[in-house]
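For reference, the structure is listed below as structure tokens.
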Amino acid sequence: MSDAVAGTPLIEQYEGVKARFPGHLVLFRVGDFYETFGDDAKLLARELEIVLTARSADASGERTPMAGVPHHAVESYLGRLVQKGYKVAICDQVEDARLAKGLVKREVTRVVTPGTVLEDRLLGGPDHNFLVSVGLGPDRRGAFAAVDVSTGEWLCGTASAPGVDALVTALAAFGPREVLLPPFDGNPNDAPLLATLRSEFRNARFETATQVALPDELPEALREAIGAAPSPLLAEVQGRLAAYVRVTQPRLLPFLEPAGEALGVRRLLLDAKTLRHLEIARPMNPDDPSGPTLLGAYDETRTAPGRRTLAFWLKHPLGEVDAIVARQDAVEALVARDAGLEALRSEMRPVADIARIATRLAGRRIRPPELAALASGLSAVERTRRRLLEPPPIGRLAELAAELGPIPGLGELLAAALPDEVPATIDAGPLFRRGFDPEVDRLRDAERAGRTSMERLEREAQEATGIRSLRVGFNQVFGYYLEVSRPNLARVPAHFRRKQTLANAERFTTDELSAVEASILAARDALGEREAERWEHFLTEIDAQVPAIHRLSRALGELDTLATFAHVAVDRGHVRPVVDESTSLQVRDGRHPVLDRTLARAFVPNDTELDGAGARLLILTGPNMSGKSTYMRQVGLFVVLAQAGAFVPAKFARVGLVSSLHTRMGFTDEIGRGKSSFMVEMSEVAEILRDADARSLVLLDEVGRGTSTFDGLALAWATLRHLHDRVRCRTILATHYHQLTELIERLDGARNAHLAVRESAGEVVFLHRLVPGSTDRSYGLHVAKLAGLPPELLQEAQRLLRQLEDQGVGLATRSNARSPMRYTQAVLLATDAPAARSELEQALDDLDTDHLTPMAALVWLAEQRRRLRAAGREP
Ligand code: ADP
Ligand code: MG
């Protein structure tokens, strides 16, 4: 922008605000519009698809681009801007334009950022809206703090391992809308942090935040939380988070509370990819945001806090048997209530999102009807609690009943204050119930008395003058008047003073009218003032209860979620899985929790039998479309559900606690994210191998597909050996490499299975039934035929296939496999050595510890050391 333009006072004022709010999109109130200028105007016009105009030319002929939105529609535009990840500063006129001398004074009255919004329409649903702050420690271990400003929850945690990936995993379930980063001090190791976070959390807004609040500057709850942080890094990330909230939502800082729920309890680690692959809260296909998900299939919650808790639990399952069993016990007790369960659930139905109402109250962005909703929500909570007490609950349900206890005085206060008909806004009618505030009542009576006098005055004037059409009226500019139509003007008495002339009438006032008018206006002003003052006082009284309302809402959310689990279990015939410290994973007649709903009775149930101590690795073969991916996801979802405390769709299930769940899906399944290179695939596998432990569950949907047959096969094999021999975790691999199925017969902890297909009269029927042993048919041509490829093309492919099979180019099938298979094995066995066990490992494995005497053990140890040393001396 040229100096000349910058020179105009309005633009100068705007630039001044922009300088004080760097990185913000400034919406600048001018008259009835919020305007932006210059580059911001171009940006706004593009993002909101509104017209870009220009200010009239200044002295030098320069025309500044300008774009604006009408003030009354600003909320909906704000919603779109926040959705797109902008941080917006609303700059309002803070003095009456009519009284201003020169330029109207303007100030930023509100900053709106994606991670700190409170309004329902900006939040876009009941799910959590997290703002997070991250950092990496000197040991490269990440830490984070997260806050949902709208519900008051404040959480923090440390990544399970050093490095950026583990930090991303720790954050995955939060799905942050806004991320605060520490300023980079030139450490080249930090650069990948931003890149990785950005690629993982694509909808989030990122900001480098320099300010870190010190504990002493903060309200009590946060001061304690930060003061007690177990590491300087955790104190720093929380301090940075607090500083940001202090700027964007200063009023809310005192109402944020470390939430007990997520602290301390160990969790099932689910990385961002796994959350996506299993379609837990969001469908994988980005073009179908309303596609089926686990959350969607289980969301029979009755309340917004319930929905929020359900989503959090499914994205954040537990990693401790005791905590899981406590939830399961509660679900089971609710199931046992039979009709009582639905009665309990229906009490919750009318509860509004009381946590967010409380926050908006604290932030003074509340409309009176929301307080009425709070009041009726609180009484519904109370009815729910009473239901919960019959029969007397035990365990977690008993604790919840206690946590749902009424907040002393709050319900009474709301009932006493709010009228039956609550006005839509604070200036649209009586705000308070009669009797709540004697002064308000007195002023309202005075105003009403004035209006009655006015009516009397009108009647008397009509009688005195004989003008039947004489009326008392009121307008903002002239106040009260007596209106006489033109034909009757002759009968107007002398003491009427002319006030205003219209085309067909004259308006008058009298001494008496002026006096009554003065008393009405005085009462009205005083009433408005008193009501506003009393309203603020009333809200301040409730402020003190905001954290209690937040806690109540959390307890309600938990009860609603447990009741939903119970409802789903009863409704869909789900069973309580046995969750224990074993490493087994057993399912009888398991159904995919989401597809089972959409396919209804057509879904074919399958068993699962994995055990870390025995058959821990399953190789799945079967043609395309036979159900391999579905089966693997089903197994993954069972673990998620079981560890979230839910029941599962099966006849029986046993889940030995899983510490982390890892998935890798074939590139066709990740196509939506443009990830298809072999390099990406390999780095994902590397990540899994690094992070998995003996308690993990690893689901690999096709490994080694992105490269030529042999090196892909070799890598797939080596990966399996590694998982089988070293990690020893439960693993399922779906593959088209039939060669693998023969190779794994050499591994004691591995099994083959395939999804059955029936061939009849040249047609292939997918049975979707899991059966032991491998299959070597891929029916690719059949699938191609189903997909509608032209017959000539299929015939040509058929001919080629026969030729290839005869030549044995590695696409071995059982029928013709002998020679290519031997060749394949030779290649693989040659590279087999490094993965094989060392002599020492073998000896250790052979050791019969059950019948070993201490003496024999010592002798054995000495012998092994001798061998090791001897081997070390060899050239
Ligand atoms: P693959 O991974 O073997 O190519 P998918 O798992 O993608 O096959 O399954 C293909 C389709 O088959 C699914 O979309 C689903 O409609 C159906 N399907 C899969 N498993 C089952 C099952 N157990 N019962 C019924 N239909 C199934
Ligand atoms: Mg598949």
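See the values below:
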{"item": "Cα centre as origin, Lys/Arg/Asp/Glu Cβ charges: the stretch 1-154 dipole, Debye", "result": "180"}
{"item": "Which of PRO772, VAL74, THR359, positive extreme of dipole for the chain (C-beta unit charges)", "result": "PRO772"}
{"item": "For the stretch 245-314 versus the stretch 550-572, the gap between their alpha-carbon centres in whole angstrom", "result": "15"}
{"item": "Burial order of peptide ranges 236-242, 125-131 (average beta-carbon count within 10 Å, highest first)", "result": "236-242, 125-131"}
{"item": "Phi to ³J(HN,Hα) by Karplus 6.51 cos²θ - 1.76 cosθ + 1.60 over the stretch 549-562, Hz, x for Gly, Pro", "result": "5, 4, 5, 4, 5, 5, 5, 5, x, 5, 4, 4, 5, 4"}
{"item": "Vicinal HN-Hα couplings computed from phi for the stretch 841-858 (Karplus, 6.51 cos²θ - 1.76 cosθ + 1.60; Hz; Gly/Pro x)", "result": "4, 4, 4, 5, 5, 6, 5, 8, 5, 5, 10, 9, 8, x, 5, 4, 5, 5"}
{"item": "Cα-based shape type of the stretch 316-389, given that a ≥ b ≥ c are square roots of the gyration tensor eigenvalues and the cut on a/c is 1.5", "result": "oblate"}
{"item": "LEU755, LEU418 arranged by Cβ crowding within 10 Å, fewest neighbours leading", "result": "LEU418, LEU755"}
{"item": "Pairwise label distance in nanometres, GLU759 with PHE710, each label 7 Å out on the Cα-Cβ vector", "result": "2.9"}
{"item": "Cα lying deepest toward the dipole's positive end in the chain, options THR113, ALA311, HIS574, charges on Cβ", "result": "HIS574"}
{"item": "Residue-by-residue Karplus 3J(HN,Hα) for the stretch 527-534, coefficients 6.51, -1.76, 1.60, Hz, glycine and proline x", "result": "5, x, 5, 5, 5, 4, 5, 5"}
{"item": "Student exercise, the chain dipole from Lys, Arg, Asp, Glu Cβ charges, in Debye to nearest 20", "result": "1160"}
{"item": "Computed E for GLU529/VAL111 - FRET, C-beta separation, R0 41 angstrom, nearest 0.05", "result": "0.90"}
{"item": "Two-site FRET efficiency, ARG349 against THR53, from Cβ-Cβ distance with R₀ of 41 Å, rounded to 0.05", "result": "0.25"}
{"item": "Cβ-Cβ FRET estimate between GLU512 and ALA416, R0 fixed at 56 Å, reported to 0.05", "result": "0.90"}
{"item": "Nearest-20 debye value, the stretch 114-271 charge dipole, Cβ charges on Lys, Arg, Asp, Glu", "result": "240"}
{"item": "Gain in span if fully extended, VAL771 to ALA228, counting 0.36 nm per residue against the direct Cα distance", "result": "190.0 nm"}
{"item": "Peptides ranked, highest mean first, by Cβ atoms within 10 Å: ranges 734-747, 363-376", "result": "734-747, 363-376"}
{"item": "Spin-label pair LEU747/HIS495, simplified geometry with 7 Å Cα→Cβ offset, distance in nm", "result": "10.8"}
{"item": "Over the stretch 236-393, relative contact order from alpha-carbon pairs under 8 Å, at least 6 apart, %", "result": "21"}
{"item": "Cα-projected label distance for THR208 with ALA398, points at 7 Å along beta-carbon direction, nm", "result": "5.6"}
{"item": "Isotropically averaged projected area of the chain, using the convex hull of Cα atoms (one quarter of hull area), nm²", "result": "55.9"}
{"item": "Hits among aspartates and glutamates - C-alpha to C-alpha of LYS105 under 13 Å, sequence gap 8 or more where chains match", "result": "GLU12, ASP92, GLU95, ASP96"}
{"item": "Spatial separation of Cα centroids for the stretch 840-859 and the stretch 374-445, in angstrom", "result": "71"}
{"item": "Ordering of 41-49, 69-77, 863-871, 269-277 by burial proxy (mean other Cβ atoms within 10 Å per residue, highest first)", "result": "269-277, 41-49, 69-77, 863-871"}
{"item": "Relative contact order %, the chain, counting alpha carbon pairs below 8 Å whose residues are six or more apart", "result": "9"}
{"item": "Potential lengthening between VAL575 and ALA424 on full extension [0.36 nm per residue; Cα-Cα distance subtracted]", "result": "49.6 nm"}
{"item": "Selected from THR208, PRO219, VAL237, residue furthest toward positive end of dipole (the stretch 187-340; charges at beta carbon)", "result": "THR208"}
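FYI, it's all coordinate maths here, none of it is from the lab. Since the model is a prediction, treat every value here as computed from it, not as a measurement. With ideal geometry, Cβ positions are generated from the backbone for all residues, glycine too; neighbour counts draw on all protein chains shown.
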